[in-house]
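Structure first, commentary second.
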Amino acid sequence: MHLGKITVFPERYPNRDHYPFNLPIFQQMGCIPFDTPVTLFVGENGTGKSTLIRAICQRCGIHIWQDDSKVSFQFNPYQEMLQHCLDLDWVRGRVPGSFFGADIFKYFTQVLDEWARSDPGQFSYFGGRSLVTLSHGQSLMSFFQSRYRVSGLYFLDEPETALSPNSQLELLKLLVEMGRLGHAQFIIASHSPILLACPGASLYSFDTIPLTRVSYEETDHYRIYQAFMRDRSDYLKGLGS
């Protein structure tokens, strides 16, 4: 492990009425141990998975590539403050890493292309060619296969976006391989039943308050997919022929 645990201190919250501090999960959150190479956050949309992953990443000093020129309709001064309410427990000192977010990956590929205009060698770190020239799914896998073979701490927010089931299996194989080598540690928010099945991973459910460590079979994602595959007729009633 690179990051052994984090501790969230609600008493440091600037208030409890605005996002993200008004999310129920953050009202009863304390220590979260990371004792396996892969940790997965699972839960419904809007429960705080992505919010916490971004805050931990920021607290680790890892840059999040995003287009800061965009302006929100309603400015929230508390949006990025959760990171200041966390303490980190490094196992052997701080390590480098990266953040992957499905919603901001396109911006990163464009920045990489700009760098490569003056230094084409930049592409050698991400599969040897421009990620912009690939399909979305191909560019993701090229990034994953190149970046995650380097020792570090990696945060992924819904990496299954645009990945076929076969590509998700490729990513799963990479996570397991790098985790076993002890070089890389992954903290991931995901809805993918394939990635959630990662052998030896720790799963934390954001559908329960307080945050709870669960088995794969206890997740709603597993139960819903299993029931749907077993007999999809009940789920398709009323949808027309």
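What follows is calculated from the coordinates using simple rules that are stated; it is not laboratory data. On a predicted model such as this, the values are computed, not experimentally measured, just so you know. Here the Cβ is made from the backbone with ideal geometry for all residues, glycine too, and neighbour counts use every protein chain on show.
Rounded if a/c is under 1.5, else prolate if a/b is larger than b/c, else oblate: which is region 115-241, with a ≥ b ≥ c the root eigenvalues of its Cα gyration tensor? Since a/c reaches 1.5 but b/c is at least a/b, the shape of region 115-241 is classed as oblate. Counting Lys and Arg as +1 and Asp and Glu as -1 over every other residue whose Cβ lies under 15 Å from the Cβ of GLU218, the net charge comes to -2. Other residues whose C-beta falls under 10 angstrom from the C-beta of SER192 contribute a net charge of -2, scoring Lys and Arg +1 and Asp and Glu -1. Here the simple spin-label model places points 7 Å from the Cα toward Cβ, and for TYR19 and LEU236 these points are separated by 3.5 nm. Helical content of the chain, expressed as a calculated mean residue ellipticity at 222 nm, amounts to -9000 deg cm²/dmol (DSSP H runs of 4 or more residues, -39,500 (n - 2.57) each, divided by residue number, nearest 500).
Looking at region 139-241 alone, DSSP beta bridges between its own residues are antiparallel in about 35 percent of cases.
Ranking of ASP113, ASP35 by neighbouring Cβ atoms within 10 Å, starting from the fewest: ASP35, ASP113.
For region 3-236, DSSP calls about 35 percent of its internal beta bridges antiparallel. Averaging the sequence gap over all C-alpha pairs within less than 8 Å and six or more residues apart, then dividing by the number of residues, gives region 3-236 a relative contact order of 28 percent.
With the simple model of a label 7 Å out from the Cα in the direction of the Cβ, SER124 to ASN166 spans 3.1 nm. How much net charge surrounds ALA102 when only the other residues with a Cβ under 12 Å from the Cβ of ALA102 are counted, with Lys and Arg +1 and Asp and Glu -1? With Lys, Arg at +1 and Asp, Glu at -1, the net is -3. Structural size metrics of region 3-236, computed from C-alpha coordinates, are Rg and Dmax of 18.3, 57 Å.
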